[in-house]
C-alpha cells in the first residue's frame, strides 16, 4: 500500500458523540495509511459536546473545535473540508414525533437548509447525510425535492440541466442486516461534487451474522441493580399491556410501544429514554425478570463497547454523565458498525477517493 498523498478533512454536523469520527477511526485501523482530520464539528447539546470531547481529540491531543449552533455558523470561519457528515435532526420526520417536517415549531425541519448553505460556500467534495425512515415518506416529498434542487444548483451533478439526474444516492439500511441485532432503519444520502457514477450504489452487501440481542447484553454481574423492575412494577406492566407472562427461555426484548415481546431475538430501535419503549426480559427458572437496558448495552447495540472488563476492547468512555443523558446520546446516535461498513463501501467505489486517500490499488472502482 502506497503512502497517501492527502489527509481527508472532515466536518461533523449535528455531531452527537461523533459517530462519523468513530467510523473513520475504524477505517484507520483497517487501512493504517488512511489519514483523516476532523477540522471541526457542530453541536449545541452540552452533554453531547462533553461526550464528544471525552472521546475525540485533534492531532495535538486537544479538543476539536466546536462551531456550535449551525444556524449561526459563518462558513468563512470554518477551514476548508473534503466531506460533510451529519445526521440532521430527525424528530420533525419521525413517526415518534409530530411529523411537521419543515413546519416543525422548533425550526428543526429547516436545519438541512443550513447544511446546504455551508456546503454551498465550502464546496466539500462529498456530503453524507442521515435521517429516519419517515424522511422519505410521501409527506415530505417537497422537502426532498428542495434538497435535490439545492444540490443540483450547487454543482453536485454532472449536468445541472439534466433534471433526470439526482444529486443524491439514497438507501434505507437496517442495522440488523449488518451485524448489529437492532431493528434500526435509517435513510442514508450521499452526494459528490460533479456527480456520482451511474452505477454507484449505497447498499453494501448484507452481513447476517446470526447474533441476537441476547449476545449483546452485559454479563449479569455487571448489570446495575437499579435497572431491574420490582415484582410490583412487572405486574403493573403485565396488566397495563395485557401480557400473560414474561417467562422466557432466552433473553428477549419487550416492545412497550407495540405491547409485545419480540420473539425474533432482535432489539427494537434504541430511542431516547422519554419514549420509554424498550425492556429486556431475562430468562429465570424461578421468577419473571424484566429490566431496563443498561447504558453499555445500548451503546453496544450502536456498535461501541463501553464495558471495561477483561477481554473487551473499550471504544467509548462515558465520563460521569447520567443514565438519562447517555441514553439520549445512544438514541440519537449513529450505528458506528453500519457507518463504517457504508463508508468503506462508498469510498471503494470512487476512483478519486481511492487515489487521493485510500490508495487500495484494487482496480475495482466503478467510476470512470
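The values are calculated or read from the model by the stated rules, or taken from the named source; none is laboratory data. Owing to the predicted nature of the structure, the values given are computational and were not obtained by experimental measurement. Don't worry about glycine lacking a Cβ; one is built from the backbone with ideal geometry, like all the others, and counts go over all protein chains shown.
Only a single item in (1) surrounded by 15 or more Cβ atoms within 10 Å (Cβ to Cβ); (2) out of contact with any strand residue (DSSP E or B) (no Cβ under 6 Å at 6 or more places or on another chain) is not met by residue 175, and it is number (2).
Please indicate, with yes or no, whether at least one residue in the stretch 171-192 is part of a loop (DSSP other than H, G, I, E, B), out of contact with any helix residue (DSSP H, G or I) (no Cβ under 9 Å at 6 or more places or on another chain) and farther than 14 Å from residue 115 by Cα. Walk me through how you get there before you give the answer.
Pass one, the stretch 171-192, residues part of a loop (DSSP other than H, G, I, E, B): 178-181, 183-184.
Now drop any that are not out of contact with any helix residue (DSSP H, G or I) (no Cβ under 9 Å at 6 or more places or on another chain), which leaves none.
Checked the stretch 171-192: no residue is part of a loop (DSSP other than H, G, I, E, B), out of contact with any helix residue (DSSP H, G or I) (no Cβ under 9 Å at 6 or more places or on another chain) and farther than 14 Å from residue 115 by Cα.
Residues that are part of a loop (DSSP other than H, G, I, E, B), surrounded by fewer than 17 Cβ atoms within 10 Å (Cβ to Cβ) and under 25 Å from the mean Cα position of the chain (by Cα) within the stretch 200-234 comprise 200, 201, 203, 205, 206, 207, 208, 209, 210, 211, listed in sequence order.
Take residue 302 and decide whether it is outside the structural domain of residue 22 (by TED's automatic domain parsing) and under 16 Å from residue 182 (Cβ atoms). Steps first, please.
Details: outside the structural domain of residue 22 (by TED's automatic domain parsing): yes; under 16 Å from residue 182 (Cβ atoms): yes.
When the stated conditions are applied, residue 302 passes them.
Looking at 338, 304, which one is within 17 Å of the chain's Cα centre (by Cα), in a loop (DSSP other than H, G, I, E, B), within 27 Å of residue 188 (Cα to Cα) and in contact (Cβ under 8 Å) with a residue 24 or more places away in the chain?
On the way: 338 fails: in a loop (DSSP other than H, G, I, E, B).
Result: 304 is the single residue among 338, 304 that is within 17 Å of the chain's Cα centre (by Cα), in a loop (DSSP other than H, G, I, E, B), within 27 Å of residue 188 (Cα to Cα) and in contact (Cβ under 8 Å) with a residue 24 or more places away in the chain.
Restricting to the stretch 23-66, give me the number of residues that are closer than 24 Å to residue 111 by Cα and outside any loop (DSSP other than H, G, I, E, B). Residues meeting the conditions: 14.
Of the listed requirements (1) within 22 Å of residue 336 (Cα to Cα); (2) touching a strand residue (DSSP E or B) at 6+ places or on another chain (Cβ under 9 Å); (3) outside the structural domain of residue 291 (by TED's automatic domain parsing), residue 193 misses just one: (1).
Checking 286, 258 one by one, the residue that is over 25 Å from the mean Cα position of the chain (by Cα), exposed (fewer than 12 other Cβ atoms within 10 Å of the Cβ) and not in a strand (DSSP E or B) is 286 and no other.
Answer yes or no as to whether residue 247 is farther than 26 Å from residue 336 by Cα, in contact with a strand residue (DSSP E or B) (Cβ under 9 Å, 6 or more places away or on another chain) and in a loop (DSSP other than H, G, I, E, B). Criteria met by residue 247.
Can you tell me which residue within the stretch 28-42, out of those that are surrounded by 13 or more Cβ atoms within 10 Å (Cβ to Cβ) and either modelled with pLDDT of 95 or more or out of contact with any helix residue (DSSP H, G or I) (no Cβ under 9 Å at 6 or more places or on another chain) (or both), is nearest to residue 113 (Cα to Cα)? Before you say what the answer is, go through the steps one by one.
Taking the stretch 28-42 as the starting set, the residues that turn out to be surrounded by 13 or more Cβ atoms within 10 Å (Cβ to Cβ) are 28, 31, 33-42.
Of the ones still in play, those that are also either modelled with pLDDT of 95 or more or out of contact with any helix residue (DSSP H, G or I) (no Cβ under 9 Å at 6 or more places or on another chain) (or both) are 28, 36-42.
Values: 28: 31, 36: 26, 37: 25, 38: 22, 39: 21, 40: 19, 41: 17, 42: 15 Å.
Looking at residues that are surrounded by 13 or more Cβ atoms within 10 Å (Cβ to Cβ) and either modelled with pLDDT of 95 or more or out of contact with any helix residue (DSSP H, G or I) (no Cβ under 9 Å at 6 or more places or on another chain) (or both), I get 42.
Quick check: anything in the stretch 353-363 in contact with a strand residue (DSSP E or B) (Cβ under 8 Å, 6 or more places away or on another chain), part of a loop (DSSP other than H, G, I, E, B) and crowded, with 22+ Cβ neighbours inside 10 Å? Within the stretch 353-363, none of the residues are in contact with a strand residue (DSSP E or B) (Cβ under 8 Å, 6 or more places away or on another chain), part of a loop (DSSP other than H, G, I, E, B) and crowded, with 22+ Cβ neighbours inside 10 Å. Among the criteria (1) in contact with a helix residue (DSSP H, G or I) (Cβ under 7 Å, 6 or more places away or on another chain); (2) part of a loop (DSSP other than H, G, I, E, B); (3) buried (at least 21 other Cβ atoms within 10 Å of the Cβ), the one residue 293 does not fulfil is (1). For the stretch 211-269, a residue qualifies if it is in contact (Cβ under 8 Å) with a residue 24 or more places away in the chain and at positive phi, and exactly one does: 265.
Exactly one residue among 58, 76, 45, 80 is modelled with pLDDT of 95 or more, touching a helix residue (DSSP H, G or I) at 6+ places or on another chain (Cβ under 7 Å) and surrounded by fewer than 21 Cβ atoms within 10 Å (Cβ to Cβ), and that residue is 80. Those residues that are exposed (fewer than 15 other Cβ atoms within 10 Å of the Cβ) and modelled with pLDDT of 95 or more, I need them from the stretch 261-278; list them, please. Listed by number, the residues that qualify are 263, 264. Kindly provide the set of residues from the stretch 137-158 that are surrounded by fewer than 17 Cβ atoms within 10 Å (Cβ to Cβ) and not in a loop (DSSP other than H, G, I, E, B), ordered by number. Once the filter is applied, which keeps residues that are surrounded by fewer than 17 Cβ atoms within 10 Å (Cβ to Cβ) and not in a loop (DSSP other than H, G, I, E, B), the stretch 137-158 yields 138, 139, 141, 142, 145, 146, 149, 153. Residues to consider are 184, 169, 152, 117; find the one that is under 29 Å from residue 357 (Cβ atoms) and in contact (Cβ under 8 Å) with a residue 60 or more places away in the chain. 184 is the lone residue from the list that is under 29 Å from residue 357 (Cβ atoms) and in contact (Cβ under 8 Å) with a residue 60 or more places away in the chain.
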